[in-house]
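Asks: The structure follows.
The values are calculated or read from the model by the stated rules, or taken from the named source; none is laboratory data. On a predicted model such as this, the values are computed, not experimentally measured, just so you know. Heads up, the Cβs are rebuilt from the backbone with ideal geometry, glycines too, and the neighbour counts pull from every protein chain shown.
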Amino acid sequence: MFAKTKSNNCCGSAIASVKVLVVGNGGREHALAWTLLQSPKVKQVFCCPGNGGTATMKGCENLPLAVDNFAEIARAVKENNISLVVVGPELPLSLGITDYLQRYDIEVFGPTQAGAQIEASKSWAKAIMAEAGVPTAKAETFTEAAAAKAYIQQQGAPIVVKADGLAAGKGVIVAATLEEALGAVDNLFKEGFVKLVIEEFLSGEEVSVLALTDGKNIVPLLPARDHKRIGEGDTGKNTGGMGAYAPAPLVTPELMEQIEREILQPTIATLGKKGIDYRGVLYAGLIITPEGEPKILEYNCRFGDPETQAVLPLLETPLDELLLACVRQKLSQQPPIRWKEGSAVCIVAASGGYPDAYEKGKVISGIEQAEATGAIVFHAGTKLQNSQLLTDGGRVLGITATGTNFLEAIARVYAATERIHFDGIYYRPDIGHRVNRQ
């Protein structure tokens with residue numbers, strides 16, 4: 001391999017210039033790279049493998065490395081004198097990228113493989129929730145279809161069927177009928193999942209809280225609302241996320257304090273008791289019941305997508321300072337996070353057919369015109385080929401706009417999105433539609 005590098009153990013503020021590697025190629029990673037480059041201390045950002053947007057962003061360079069090629073990532077860190085690695089997707093975290101890089105004294109923002117189980121295994125996460133005593137839905141775990149179906153017949157519908165492993169944000173089926181739930185069991189087992197979690201349906205409004213943690217202390221970012229469904233009015237199939245807005249008005253400061261006290265802190269404490277030193281993002285997918293009580297639906301081990309694209313444009317505190325404070329277990333020494341006034345809304349422009357079959361290689365135009373309105377266009381499923389920007393995924397772009405209030409941000413983001421074109425472009429016309437009811 002190569003000789004171990006020595007980590008810089010000084011505090012983040014003492015570093016004159018920082019080079020950061022962002023692992024991943026989606027809209028979340030583009031947003032992370034873009035935000036890091038706003039910091040006066042960040043000299044350069046590398047992305048592996050990155051996308052068409054990071055390839056053309058000033059101060060950013062793509063490295064053609066797969067997210068699970070840990071040896072080459074470590075080599076690139078040494079060769080480029082990179083100070084910090086920020087892991088975007090859940091897959092490399094679940095495979096142990098943090099554990100691997102830490103062996104070479106490389107500073108990594110993201111939990112170890114043990115901590116990443118909180119997303120990689122929903123049954124394991126439910127056990128953590130039970131041990132922590134956090135409010136959540138009643139659930140059972142099954143490895144056989146017959147037993148799962150019998151339980152569903154006993155419980156009735158609506159009911160929630162979840163794949164136990166990673167499913168790119170699409171392994172949760174909220175079944176309105178018994179027929180749909182029973183079909184979901186068959187489909188998920190056919191797709192190769194060996195374990196399912198069957199969970200009671202909870203009614204209410206969903207919110208996402210992305211919290212930074214150094215394994216002892218926890219600092220929530222602005223609450224966000226993600227629109228998971230493909231169709232207008234939050235109908236149709238679940239996707240990786242069709243848009244988001246922040247801060248979610250439903251989460252008052254008092255409610256956020258309750259979420260932190262009753263859900264986030266007990267979970268981090270329970271992980272610590274199990275010997276898991278969790279440093280990174282603890283993403284809480286929550287539901288706020290009609291009575292105003294928060295309950296945890298699921299945990300993720302990384303920044304959300306597209307929530308990150310709505311939250312980070314409102315951040316004033318340099319992101320690198322916050323991430324290094326988590327890595328070096330100095331979050332308690334950080335001053336309160338500073339936020340810009342106003343609201344942010346992100347719209348996902350997807351390929352026609354998503355989340356089912358879709359075509360790639362469509363020419364994208366209008367991004368400069370969209371950005372001329374003041375919007376930020378984060379690339380997700382794009383690639384740069386022969387100086388031409390092409391679609392290369394299901395979720396292609398995340399267009400974000402800010403405003404003094406939500407109505408202004410919504411008007412701005414749609415005005416920008418209308419300027420972007422590619423064959424088959426699809427985006428929901430109602431992102432943020434719930435805001436007026438909160």
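Asks: Go through the residues of the stretch 256-279 one by one and say whether even a single one is assigned to a loop (DSSP other than H, G, I, E, B) and of a type in the set (A, V, I, L, M, F, W, C).
Replies: Of all residues in the stretch 256-279, those assigned to a loop (DSSP other than H, G, I, E, B) come to 274-279.
Narrowing further to those that are of a type in the set (A, V, I, L, M, F, W, C): 276.
Yes, there is a match, as at least one residue in the stretch 256-279 is assigned to a loop (DSSP other than H, G, I, E, B) and of a type in the set (A, V, I, L, M, F, W, C).
Asks: Also, I was wondering about something else. So which helices (runs of 4 or more DSSP H) stay within the stretch 49-112 end to end and still have 1 or more residues that are closer than 18 Å to His379 by Cα?
Replies: So the answer is 52-56.
Asks: Ok, one more. Which of the residues belonging to the stretch 231-255 are at pLDDT 95 or above, assigned to a strand (DSSP E or B) and closer than 22 Å to Val161 by Cα?
Replies: Scanning the stretch 231-255 gives a single hit, Gly231.
Asks: Quick one: in the stretch 402-427, of everything that is outside any loop (DSSP other than H, G, I, E, B) and among the small types (Gly, Ala, Ser), which residue is surrounded by the most Cβ atoms within 10 Å (Cβ to Cβ)?
Replies: Ala409
Asks: While we're looking at this one, here's another question. Any residue in the stretch 135-146 that is within 27 Å of Val251 (Cβ to Cβ), in contact with a helix residue (DSSP H, G or I) (Cβ under 6 Å, 6 or more places away or on another chain) and of a type outside the set (D, E, K, R)?
Replies: Yes, the stretch 135-146 contains at least one residue that is within 27 Å of Val251 (Cβ to Cβ), in contact with a helix residue (DSSP H, G or I) (Cβ under 6 Å, 6 or more places away or on another chain) and of a type outside the set (D, E, K, R).
Asks: Okay, next question. State which residue pairs qualify: first residue outside any strand (DSSP E or B) and inside the stretch 371-395, second residue aromatic (Phe, Trp, Tyr) in any location, beta carbons under 8 Å apart, and separation of 6 or more residues or different chains.
Replies: Hits for this filter: Gly394/Tyr354; Gly394/Tyr358.
Asks: Scan the stretch 49-82 residue by residue and report those that are surrounded by 24 or more Cβ atoms within 10 Å (Cβ to Cβ), within 29 Å of Leu282 (Cβ to Cβ) and not aliphatic (A, V, I, L, M).
Replies: Correct list: Gly50, Asn51, Gly53, Thr54.
Asks: If we scan the stretch 272-280, do we find a residue that is modelled with pLDDT of 95 or more, of a type outside the set (D, E, K, R) and in contact with a strand residue (DSSP E or B) (Cβ under 9 Å, 6 or more places away or on another chain)?
Replies: Looking for residues that are modelled with pLDDT of 95 or more, of a type outside the set (D, E, K, R) and in contact with a strand residue (DSSP E or B) (Cβ under 9 Å, 6 or more places away or on another chain), one finds at least one in the stretch 272-280, hence yes.
Asks: While we're on this one: Mind counting the residues in the stretch 83-97 that are within 19 Å of Phe46 (Cα to Cα) and in contact with a helix residue (DSSP H, G or I) (Cβ under 7 Å, 6 or more places away or on another chain)?
Replies: Within the stretch 83-97, residues that are within 19 Å of Phe46 (Cα to Cα) and in contact with a helix residue (DSSP H, G or I) (Cβ under 7 Å, 6 or more places away or on another chain) number 8.
Asks: Would you pick out the residues in the stretch 219-262 that are among the aliphatic types (A, V, I, L, M) and within 17 Å of the chain's Cα centre (by Cα)? I'd like the intermediate steps shown before the answer.
Replies: Taking the stretch 219-262 as the starting set, the residues that turn out to be among the aliphatic types (A, V, I, L, M) are 219, 221-222, 224, 230, 242, 244, 246, 248, 250-251, 255-256, 259.
Selection gives Val219, Leu221, Leu222, Ala224, Met242, Ala244, Ala246, Ala248.
Asks: To continue, here is another question. Please identify the pairs in which a residue from the stretch 352-364 that is closer than 29 Å to Val172 by Cα has its Cβ atom under 7 Å from the Cβ atom of a residue that is outside any loop (DSSP other than H, G, I, E, B) and of a type in the set (D, E, K, R), counting only partners at least 6 apart or on another chain.
Replies: Tyr354/Arg395; Pro355/Lys237
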